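The values are calculated or read from the model by the stated rules, or taken from the named source; none is laboratory data. Bear in mind the structure is a predicted one, so any value in this text is a computation, not a measurement. A quick note on method: Cβ atoms are made from the backbone with ideal geometry, for glycine too, and the neighbour counts reach across all protein chains shown. The area values use the complete protein model at the heavy-atom level, side chains included, leaving out ligands, DNA and RNA. Shrake-Rupley method; radii C 1.70, N 1.55, O 1.52, S 1.80 Å.
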Amino acid sequence: MTTAQATAVGVATNGPPMLRVNDLHVFFNVRRGPLLRRKTLTLKAVDGVSFDVNEGETFSIVGESGCGKTTTARAVLKVETPTSGSILWQGRSLEDIDEQETRAYRSAVQAVFQDPYSSMNPRLRVGHFITEPLLLNSSIDRRERRERAQAALQQVGLRAEDVDNFPHEFSGGQRQRVAIARAIASSPRLIILDEPVSSLDVSIRAQIMNLLKSLQEVQGFSYLFIAHHLGTVRYMSQMVGVMYLGRMMELSESEELFGNPMHPYTQALFTAALPDHPDIERKDVMLRNDVAAATDIPGGCRLHTRCPFAKPVCSEVEPEWKQVGPNHWTACHLY
Amino acid sequence: MVDLKSVKLDAGAPNISLWPGNAIAHDNVRGSQWAAKSNCKSNKCLGRLWVALLEVTDLRTHLTSRRGVNRAVKGVGFKLDTGKSLGIVGESGSGKSMTALSILRLVPQPYARIVGGSIRFDGEELLEKSEREMRRIRGGSIAIILQDPIASLNPVFSIGYQIAESVRIHQRLSGEAQLAKVVESLRRVRVPSPEARVRDYPHQFSGGMRQRVVGAIAIACQPKLLIADEATTALDTTIQAQYLDLLRTLQRELNLALLFITHDFGIIARMCDDVAVMYAGRIVEYAAVREIFNRPAHPYTVALLEAVPKVDIRVDRLHAIPGAPSSGYVEHPGCPFAPRCTFAIQQCHVAPPPLTTVAPGHTAECFRAQEVYAGAHRHQDSTDASARAGA
């Protein structure tokens, strides 16, 4: 099923995708319960996720907390080891590449996180922070590193002199610019953006999103964008995957998804999204209950305990991945 | 109380008065309309003057630190009536939370001090109350729900005990009556099987349910005013929607006045009757919710609304506001938004902007409010059309 999904997604584009995630599973063992009756449970953070990220394109993963979107990103960054499934970079599996290629991969894939301050050392100047990824490439000497850091700072709208400042001398929005400068300093191909604007003020958010968009237009970066705010996702992306409890529920071209959400979970997310205007009335799909625990995922379709349209079959059979439109797939028994 | 000399009640003509002289709220015109509509039960009738449930006038709260004095709230005024909801929207540092905390007199003393103004609640002046009297009001007739339920709940007491605490203190109930009250408020916030869950501890609840428990504590003593300070910011999208629906139901059932403090215009659009937009410690614009979205009259409101990426329409380029929000440490001779404002003229940098009434119940502190209001009106027609075309 998942291979079919990956192939289907591949057909839509020409040539091998830059990044292909194929039936990715990431499980963790967690110990739960009282001291003497402690049990080891399997937490299925990512439970069969497939998607492609194409050159110069933004692929967004949207979902609520605990749906596995960040774990997916961490697996792509090679921070988490997949339990099964594969991640292919330009057609080659990340498990097969040797140390030297891994190094090249690590400088080709960079990341920007929600809170830039926690990833900076408060005692080191930001120049050091920005040039750290360049240390992977031993042919770049100290002077060139500094020049690159200055160039990167200017590209993100800061001054070259800021290279000698400390993290605390920047405001929240400027710090996120510094984090972006670090990400682009090694001329990467793919940047993973994990909730990059969630902690910023509304007026600053727009600045950072516009910056990311223009950098993409000028330099052709690909983004793997992780967010929970639907407006942000619509603004940033070409393709969107909707995740719930470790699995992709719907995958579609962005405008198609926002115009025609198919999966009940996506519809529920849209219903719950705060309106842009008081007169906006949304389609009314409300989920019951809370999210199930990732250590105890319901059988059949994992949404059936909350879904307002659940049928008997939903609690028994995991739905197949179906194409419901051009560049639009969903996994639901309704279709 | 309210300086009626500077209030012009003829709604049609532009009403201009200069601050800092203007001690009155932005909503002076609406105040009279409300009074006409609302029934006598919900208002205190003082002679011939109608008084809203909550009237904040010229509130000033200062924070002192080693960096100097941060004028967090610089003369804020508004009214809120029973059964109504008012949203205060602003970015971090705009003074919106300090305004909420000032109403409960919960500002972090001694760094923070309410240095002036008046807060009249239910006909009584809160700033003149003793600490003992304030304790009776907090959690009694005014309740607050904060952002983080984990921080609001004590992990070592059962939630039943924590809800009972306010019932015991404010209503002096005990035993059966107390338990009944606790179960009733849990039922009101739609916690499933409340009789069984009163003995559970906070860690046994999910994030959304925990925030409901905080809600149960807040409504346990039938408050008249409920303040929600970023109450749903930490919740997931679908849980947030459930919680906002719950707050709206509670408001109807208990006839609450709701004061929403938020940075999110979406919450405002969904929940509020009236909106106050705050910037640098001032309410820069005040209007009914549709007015704010359809015809903003302050350049800051216009810019903020255009900076938010939309769920319902495709936007190709967001209009970012240049620069960063103003800090309360900096004194501006003119308008604090002027350095970031695309409408700014020379005057804006030197003199404080006047409070301008652009329509009945719609005020903005801006020299060019009339122009912005007129322009925004035209602009809205085009976006309306495109929104319809998109849908």
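Values computed for the structure shown
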{"item": "Length added when fully stretched, A:Tyr117-A:Glu101, from 0.36 nm per residue minus Cα-Cα", "result": "2.8 nm"}
{"item": "Inter-chain shielding of A:57-66 (mean C-beta neighbours from other protein chains, 10 Å cut-off)", "result": "2"}
{"item": "Counted charge near A:His333, where neighbours are those whose Cβ lies closer than 12 Å (Asp, Glu -1; Lys, Arg +1)", "result": "-1"}
{"item": "Helical segments meeting 18 Å axial Cα length and Kyte-Doolittle -0.5 threshold in chain A (DSSP H)", "result": "A:172-185, A:202-219"}
{"item": "Unit Cα scatterers, Debye sum, the stretch A:2-330: log10 I(q)/I(0) for q = 0.07, 0.08, 0.11, 0.15 Å⁻¹", "result": "-0.31, -0.40, -0.76, -1.29"}
{"item": "Peptide B:316-325 - average C-beta neighbours from other chains (10 Å radius)", "result": "6"}
{"item": "Relative contact order for the stretch A:99-206, counting Cα pairs under 8 Å that sit 6 or more residues apart, in percent", "result": "42 percent"}
{"item": "Largest to smallest accessible area among A:Glu95, A:Glu253, B:Glu306 [probe 1.4 Å]", "result": "A:Glu95, A:Glu253, B:Glu306"}
{"item": "Simple Cβ-charge dipole of the stretch A:2-330, Lys/Arg +1 and Asp/Glu -1, about Cα centre, in debye nearest 20", "result": "960 debye"}
{"item": "18 Å Cα-Cα threshold exceeded, pairs from B:Lys84/B:Lys224; A:Lys44/A:Lys69; A:Lys69/A:Lys322", "result": "A:Lys69/A:Lys322"}
{"item": "Charge dipole (the stretch A:2-330, unit charges on Cβ, about Cα centre) - positive-most of A:Val178, A:Leu36, A:Ala108", "result": "A:Leu36"}
{"item": "Sites B:Glu371 and B:Thr249, calculated FRET efficiency, Cβ-Cβ separation with R0 60 Å, nearest 0.05", "result": "0.90"}
{"item": "Around A:Gly85: net Lys/Arg minus Asp/Glu count, Cβ-Cβ under 11 Å", "result": "-2"}
{"item": "Peptide B:238-246, shielding by other chains (average Cβ, 10 Å cutoff)", "result": "5"}
{"item": "Total formal charge among the other residues, if their Cβ is under 9 angstrom from that of B:Gly281, Lys/Arg +1 and Asp/Glu -1", "result": "+4"}
{"item": "Helix-only [θ]222 nm of the protein assembly as shown, DSSP H runs n ≥ 4, -39500 (n - 2.57) each, per residue, nearest 500", "result": "-10000 deg cm²/dmol"}
{"item": "Point-to-point label distance, B:Tyr201-A:Asn137, nm (Cα→Cβ direction, 7 Å offset)", "result": "5.4 nm"}
{"item": "Gain upon complete extension [B:Glu184, B:Ala151; 0.36 nm per residue less C-alpha separation]", "result": "9.5 nm"}
{"item": "Alpha-carbon Rg/Rh ratio, for the stretch A:287-335, with Rh computed the Kirkwood way", "result": "1.01"}
{"item": "Rg and Dmax [Cα atoms of the protein assembly as shown; Å; Rg one decimal, Dmax integer]", "result": "27.2, 86"}
{"item": "Cα gyration tensor shape of the stretch A:189-279, rounded if a/c is under 1.5, else prolate or oblate by comparing a/b with b/c", "result": "oblate"}
{"item": "Modelled FRET efficiency - R0 35 Å, B:Tyr161 with B:Arg132, Cβ distances, 0.05 increments", "result": "0.90"}
{"item": "Cα gyration tensor category, rounded, prolate or oblate, for the stretch A:221-334 with a/c compared to 1.5", "result": "prolate"}
{"item": "Percent RCO, i.e. relative contact order, over chain A, from Cα pairs under 8 Å lying at least 6 residues apart", "result": "19 percent"}
{"item": "Debye, to nearest 20: dipole size of the stretch A:128-273, +1 on Lys, Arg Cβ, -1 on Asp, Glu Cβ", "result": "240 debye"}
